[in-house]
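Taking it in order: structure first as structure tokens, then the write-up.
The values are calculated or read from the model by the stated rules, or taken from the named source; none is laboratory data. Just so it is clear, the structure is predicted and the values come from calculations on it, not from any experiment. Counting neighbours? That spans all protein chains shown, and the Cβs are built from the backbone with ideal geometry, glycine included. SASA here: full protein model, heavy atoms, side chains in, ligands and nucleic acids out. Shrake-Rupley method; radii C 1.70, N 1.55, O 1.52, S 1.80 Å.
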Amino acid sequence: MARKFLYVVVILIVLALAAAFAYRFYGVQLMRQFMVPAGEAVALPPADARAYARPDMWIARPDKPGNPALWAPTGYTPAAKPEAAVFFVHPTSFLDTRTWNAPLDNADANNRAALFLRGQASAFNSVGAIWAPRYRQATFGAFLTSKSSAQKALDFAYRDVLAAFDQFVAEAGERPIILAGHSQGALHLSRLLVNRIAGQPIAKRIVAAYVVGWPVSISADLPKMGLPACAQADQAGCILSWQSFADPADPSLIVDTFDATTGFTGQPRAGTPMICTNPLTGKSGDSAPAEANLGTLIPDMNFQSAQLVVGRVPARCEGRGFLTIGQDPPEFGQYVLPGNNYHVFDYSLFWANVRRDAELRLTAFKK
């Protein structure tokens with residue numbers, strides 16, 4: 001019996017290693033095969049003009065009970081009277097393959113989005129009151145294919161984000177504004193900067209725009225986005241962006257897709273450098289040791305809570321503009337994407353530094 005048990009253990013270990021090997025070397029192909037919807041995108045009607053006046057259309061807003069963006073790790077507290085208004089667009093939390101866009105009442109997607117707000121938007125609760133809309137986000141598979149349905153799904157999602165932003169502006173009053181998002185949320189935010197901020201009076205109210213986890217071409221995108229890239233930590237009215245990889249990094253999935261597209265200027269993005277803000281220093285193209293990291297959020301097994309670990313993760317900008325975090329990052333298990341891509345943790349890796357960064361930029365803005 002003992003020998004049979006050992007055989008079973010060995011078989012399970014071999015299967016686990018084989019699965020890990022397949023994911024490591026064929027992860028992208030596997031994701032494309034199983035995560036991209038088979039049908040066509042169904043046209044969605046625009047959001048009702050007053051839809052985002054309703055509290056239930058927001059995951060977070062200042063008057064919403066149980067606001068997940070007000071979470072903070074031990075030793076940190078939200079501002080009692082926040083000076084700024086934060087518009088935060090959450091990343092992809094819809095993983096279904098039966099439809100290209102998430103229904104607004106999808107419980108799984110909404111619960112995941114709330115978790116993202118706890119680990120990401122919470123970094124801004126010391127400086128601003130946070131609004132984070134529900135929107136009919138494109139499913140995860142939309143980022144793994146060149147099908148026309150993928151772009152349609154993203155366009156439908158973006159319309160919701162625009163409608164939410166217009167309502168946010170109406171409710172935020174005259175306070176300074178911080179724009180923030182991640183992944184799909186950062187993509188929509190980059191388009192919003194082009195369509196709602198660039199060349200408009202509201203641009204003067206922008207403390208900073210955190211376009212995190214999405215590539216921004218310095219030559220093909222930035223000139224149309226209305227704000228410069230942040231060069232220093234004490235600079236206001238600028239854009240921050242980074243994409244986190246451990247060594248050895250393989251960003252080919254991002255580069256291959258990015259290089260096949262055209263930027264906001266109409267110029268090809270192929271081969272162009274990307275904005276890389278070092279979140280540990282707030283400077284562009286910078287490098288900093290782990291000692292400069294004020295706190296990384298390490299989640300528990302069920303992602304319901306997290307502890308803040310100081311001095312754990314370094315950061316340096318490399319190549320065309322990717323942020324590398326060394327060879328010994330925290331263990332995040334299955335949530336690390338192929339190519340040593342720590343995309344899911346772009347905020348969590350530097351949570352306390354992002355918090356300080358927002359505080360410094362708000363101070364600079366007021367001066």
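Maximal additional length on extending the Thr262-Ala43 stretch stands at 76.4 nm, based on 0.36 nm per residue less the C-alpha distance. Once a ≥ b ≥ c are taken as the square roots of the eigenvalues of the Cα gyration tensor of the chain, is the result rounded (a/c under 1.5), prolate (a/b larger than b/c) or oblate (a/b not larger than b/c)? The shape class here is rounded.
Counting only heavy atoms of protein chains, what accessible area per residue, in Å², does region 242-320 have with a probe of 1.4 Å? Could the numbers behind the result be given before it?
Numbers: 3670 Å² over 79 residues.
On a per-residue basis, 46 Å².
In this structure, the amide hydrogen of Trp58, modeled 1.01 Å from its nitrogen in the peptide plane, lies closer than 5 angstrom to those of Arg134, counting only residues at least 5 positions away or on a different chain.
Taking the Cα centre of the chain as the origin, how large is its charge dipole in debye, to the nearest 20, when only Lys and Arg (+1) and Asp and Glu (-1) carry charge on their Cβ atoms? Kindly include the intermediate steps, with their values, before the conclusion.
Values: 33 positive and 28 negative charges, 68 e Å.
Dipole about the Cα centre, nearest 20: 320 debye.
Rolling a 1.4 angstrom probe over region 37-184 with all protein chains present gives an accessible area of which 55% lies on carbon and sulfur atoms.
Averaged per residue, what accessible surface does region 101-237 expose to a 1.4 Å probe, in Å²?
Working: 4400 Å² over 137 residues.
Here the residues of region 101-237 average 32 Å² of exposed surface.
Looking only at GluC sites (Glu not before Pro) in DSSP loops with at most 12 other Cβ atoms within 10 Å, what is the longest site-free stretch of the chain?
Answer from the scan: 175-330.
Specify whether the C-alpha gyration tensor of region 244-367 places it in the rounded, prolate or oblate class, a ≥ b ≥ c being the square roots of the eigenvalues: rounded for a/c under 1.5, otherwise prolate if a/b is larger than b/c and oblate if not. Here region 244-367 falls in the oblate category. Loop-resident trypsin sites (Lys or Arg not before Pro) (DSSP state other than H, G, I, E or B) in region 47-145 with no more than 10 further Cβ atoms inside 10 Å of their Cβ: Arg50, Arg98.
Close amide H partners of Gly321, meaning residues 5 or more places away or on another chain with modelled amide H under 5 Å apart, are Met274. Across region 66-78, coupling constants 3J(HN,Hα) worked out from phi with the 6.51/-1.76/1.60 Karplus curve, θ = phi - 60°, read x, 4, x, 6, 8, 5, 8, x, 3, x, 10, 9, x Hz, and Gly and Pro carry x. Report, to the nearest whole %, how much of the accessible area of region 190-268 belongs to carbon and sulfur atoms, 1.4 Å probe, protein only. Ligands and nucleic acids excluded, carbon and sulfur reach 55 percent.
Each label was represented as a point 7 Å from its Cα along the Cα-to-Cβ direction; for Lys204 and Thr99 these points are 4.4 nm apart. Remark on Phe264: its backbone amide H falls under 5 Å from those of Asp221, a criterion applied only to residues 5 or more positions apart or on other chains, H modelled at 1.01 Å from N. Dipole orientation for the chain: of the candidates Leu189, Thr262, Ala231, Leu189 has the Cα lying most toward the positive pole (charges on Cβ; Lys, Arg +1; Asp, Glu -1). Computed 3J(HN,Hα) for region 233-246, one whole-Hz value per residue from the Karplus formula 6.51 cos²θ - 1.76 cosθ + 1.60 where θ = phi - 60°, is 6, 9, 9, 10, x, 8, 10, 10, 7, 7, 9, 9, 9, 8, glycine and proline marked x. Based on alpha-carbon centroids, what's the gap between region 212-262 and region 264-306 in Å, whole number please? That distance is 10 Å. Over the chain, dividing the summed -39,500 (n - 2.57) contributions of all DSSP H runs of at least 4 residues by the number of residues returns a 222 nm mean residue ellipticity of -9500 deg cm²/dmol. Within 10 Å of each candidate Cβ there may be at most 13 other Cβ atoms; applying that plus a DSSP loop requirement, which chymotrypsin sites (Phe, Trp or Tyr not before Pro) in region 199-304 survive? Filter output for region 199-304: Phe303. Counted over the chain, the DSSP beta bridges are approximately 45% antiparallel. Using θ = phi - 60° in the Karplus curve 6.51 cos²θ - 1.76 cosθ + 1.60, the 3J(HN,Hα) couplings for region 350-360 round to 10, 3, 5, 6, 4, 4, 5, 4, 5, 5, 5 Hz; x is entered for Gly and Pro.
The distance from the alpha carbon centre of region 312-359 to that of region 68-98 is 18 Å, rounded to a whole number.
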